[in-house]
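**Q** To start, I am sharing the structure in question, which I have written as structure tokens.
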Amino acid sequence: MSDFSEDLLRPTKEDDPAERSVRSCSGMRLPWLQKHVESVLTRGKKEKDFAQTTSACLSFIQEALLKHQWQRAAEYMHSYLQTLEDSDSQKRQAAPEMIWKLGSEILYYHPKSSVETFNVFADRMKNIGVMNYLTISLQHTLYLLHHGLLDDANRNLSQAETWRYGEKSSSQEALINLVQAYKGLLQYYTWSKKKKELSELDEDDYAYSTASQNMFSHSWKTSINFSALIQTPGVWDPFVKSYVEMLEFYGDQDGAREVLSNYAYDEKFPSNPNAHVYLYNFLKREKAPREKLISVLKILYQIVPSHKLMLEFHRLLRKSDQEEHRRLGLEVLFGVLDFAGCTKNLPAWHCLAKYLRQILMRSHPAWVQEEWDSRKSWWPGFHFSSFWAKSDWKEDRALAYEKAFVAGILLGKGCRYFRYISKQDHQVLRKKFKRMKKLVKKHSIVNP
């Protein structure tokens, strides 16, 4: 066994080494593997037995984790530490990462575990297989943040930031950038608190000037920590949002726009809907021209047709002077309602009902027909069945009314959904039903 595993082993009785166990400061007991694993150790050749034992341990640990049997998993884990001594060099090199993943999961959920126990385990694992040092440091930091230990998390990141191990450190440059970025995120948290404090002070106060200087110092440090990471291809949403907020606060609109544009449009970065959302919201705050806003949301539409901003996209298209945009506005609404998560989206149905009236009154039935042709084989059952008519009327009558109008336009007055809703006797909606029937009779795309 390595020094690490030997340090964990504590025999409970001097004369009974088979009953060795690990007991953390919180009293968590980690005894040797049970008899059915011990029996594997007594069979066959040594190397074969070793492989069988570790394989059995891993299977038992995985089973215990799936069943949330944390103590049982801890017991098996104690024996699995012997993989650090595997004669196969590849397995031996992979062992620290596997032990960390399994052990941290167990310690996170074990009822007798504590922050101190987790810290001891993390610190020891960082130094077994040095190439895992930064990864473990980052995950250890997230654990500390989860427990609200910001100072400890910051110290942990500071130690990781200075980590070097000969030439191998260059291969982990991306991880070092990530460590620095998380440190920047903690600095941003401090900056945002100071920003809130500053908003409560009088600008003529001496305290205001001091707080402002402290804020600027934190923002400068944070910018340095963020800059390397956000230039590296990846999905860095929390870091980009924080960085842009600080740039905007100090009036660097050009810098903020450049960061967001690169994040959204640089082909080296993976496709990321949020990148376009952040850029759109920034341009909206800047009161950018409608055409610019449309161009941003058009890309978002291609990535996520059901995004909540699509109704806003529709409104921008509807107000455009270009016929191409107004036609796209209809496609966008149909696209939103293609998704199961949007079947009861009242604003979307309201927009579609309203826009269908406008389009058909302006003599553009071909637009509607084009969208309907690709959906007429499945929308009737998906949206306009008798079941949905009864369910919608019971749960949300405003929704049922909007859907009934759309159903009537697309399927005619013989549609089951339209017939069921229009026959309901509702005093408040009686006039609306009468008007709806007239509009459906006049504008339905189904020939009478």
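The values are calculated or read from the model by the stated rules, or taken from the named source; none is laboratory data. The model shown is predicted, which means the values in this text are computed figures rather than measured ones. Every residue, glycine among them, receives a Cβ derived from its backbone with ideal geometry; neighbour counts consider all protein chains shown. Side chains included, ligands, DNA and RNA excluded: accessible areas come from the protein's heavy atoms. Shrake-Rupley method; radii C 1.70, N 1.55, O 1.52, S 1.80 Å.
**Q** Out of all the residues in segment 262-295, which are outside any helix (DSSP H, G or I), in contact (Cβ under 8 Å) with a residue 12 or more places away in the chain and not hydroxyl-bearing (Ser, Thr, Tyr)? Steps first, answer last, please.
**A** Our first condition is that a residue be outside any helix (DSSP H, G or I); within segment 262-295, this holds for 266-272, 286-289.
Still in the list and also in contact (Cβ under 8 Å) with a residue 12 or more places away in the chain: 266, 268-272, 286.
Of everything in segment 262-295, those that are outside any helix (DSSP H, G or I), in contact (Cβ under 8 Å) with a residue 12 or more places away in the chain and not hydroxyl-bearing (Ser, Thr, Tyr) turn out to be ASP266, LYS268, PHE269, PRO270, ASN272, GLU286.
**Q** Which is more than 29 Å from ARG290 (Cα to Cα) and in contact with a helix residue (DSSP H, G or I) (Cβ under 8 Å, 6 or more places away or on another chain), of ALA353, ALA400, ALA348?
**A** On inspection, the qualifying residue turns out to be ALA400.
**Q** Also: Within segment 79-90, can you find the residues that are surrounded by 15 or more Cβ atoms within 10 Å (Cβ to Cβ) and either touching a Gly at 6+ places or on another chain (Cβ under 8 Å) or over 16 Å from GLU63 (Cβ atoms) (or both)? So that I can check it myself, show each step before the final result.
**A** Initially, segment 79-90 is screened for residues surrounded by 15 or more Cβ atoms within 10 Å (Cβ to Cβ), giving 79-84, 86.
LEU81, GLN82, THR83, LEU84, ASP86 - these are the residues of segment 79-90 that are surrounded by 15 or more Cβ atoms within 10 Å (Cβ to Cβ) and either touching a Gly at 6+ places or on another chain (Cβ under 8 Å) or over 16 Å from GLU63 (Cβ atoms) (or both).
**Q** If you take the residues of segment 385-414 that are of a type in the set (Asp, Glu) and within 23 Å of GLU371 (Cβ to Cβ), which of them is surrounded by the most Cβ atoms within 10 Å (Cβ to Cβ)?
**A** We begin by selecting, within segment 385-414, every residue of a type in the set (Asp, Glu); these are 392, 395-396, 402.
Among the residues that remain, those that are also within 23 Å of GLU371 (Cβ to Cβ) are: 392, 402.
Values: ASP392: 25, GLU402: 23.
Filtering segment 385-414 for residues that are of a type in the set (Asp, Glu) and within 23 Å of GLU371 (Cβ to Cβ), the one surrounded by the most Cβ atoms within 10 Å (Cβ to Cβ) comes out as ASP392.
**Q** Which members of segment 319-341 meet the condition of being open to solvent by less than 70 Å² (accessible area, probe 1.4 Å) and either outside any helix (DSSP H, G or I) or in contact with a His (Cβ under 6 Å, 6 or more places away or on another chain) (or both)?
**A** SER320, GLY329, VAL332, LEU333, LEU337, ASP338
**Q** Inspect segment 242-257 for any residue being part of a helix (DSSP H, G or I), of a type in the set (Ser, Thr, Tyr), without any contact (Cβ under 8 Å) to a residue 60 or more places away in the chain and in contact with a Lys or Arg (Cβ under 8 Å, 6 or more places away or on another chain) and give the result as yes or no. Break it down into steps so the answer makes sense when it comes.
**A** Here is the first cut: in segment 242-257, the ones part of a helix (DSSP H, G or I) are 242-249, 253-257.
Of the ones still in play, those that are also of a type in the set (Ser, Thr, Tyr) are 242-243.
Still in the running and without any contact (Cβ under 8 Å) to a residue 60 or more places away in the chain: 242-243.
Now drop any that are not in contact with a Lys or Arg (Cβ under 8 Å, 6 or more places away or on another chain), which leaves none.
No, segment 242-257 contains no residue that is part of a helix (DSSP H, G or I), of a type in the set (Ser, Thr, Tyr), without any contact (Cβ under 8 Å) to a residue 60 or more places away in the chain and in contact with a Lys or Arg (Cβ under 8 Å, 6 or more places away or on another chain).
**Q** Ok, one more. For segment 343-356, which residues satisfy the criterion of being outside any loop (DSSP other than H, G, I, E, B), without any contact (Cβ under 8 Å) to a residue 40 or more places away in the chain and crowded, with 18+ Cβ neighbours inside 10 Å? Steps first, answer last, please.
**A** The initial filter retains those residues of segment 343-356 that are outside any loop (DSSP other than H, G, I, E, B), namely 346-356.
Within this subset, residues satisfying the condition of being without any contact (Cβ under 8 Å) to a residue 40 or more places away in the chain are 347-348, 354.
Across segment 343-356, the qualifying residue is only ALA348.
**Q** Please work out if ARG435 is in a helix (DSSP H, G or I), open to solvent by 50 Å² or more (accessible area, probe 1.4 Å) and under 21 Å from TRP378 (Cβ atoms).
**A** no
**Q** What are the pairs with Cβ atoms under 6 angstrom where one residue, in segment 126-155, is surrounded by fewer than 18 Cβ atoms within 10 Å (Cβ to Cβ) and the other, located anywhere, is of a type in the set (A, V, I, L, M)? Sequence gap at least six, or different chains.
**A** Sorted first by the residue in segment 126-155, then by its partner, the pairs are HIS147/VAL115; ASP152/LEU144.
**Q** Taking the condition surrounded by fewer than 23 Cβ atoms within 10 Å (Cβ to Cβ) and among the β-branched types (Val, Ile, Thr), does VAL446 pass?
**A** Working: surrounded by fewer than 23 Cβ atoms within 10 Å (Cβ to Cβ): yes; among the β-branched types (Val, Ile, Thr): yes.
The answer is yes for VAL446.
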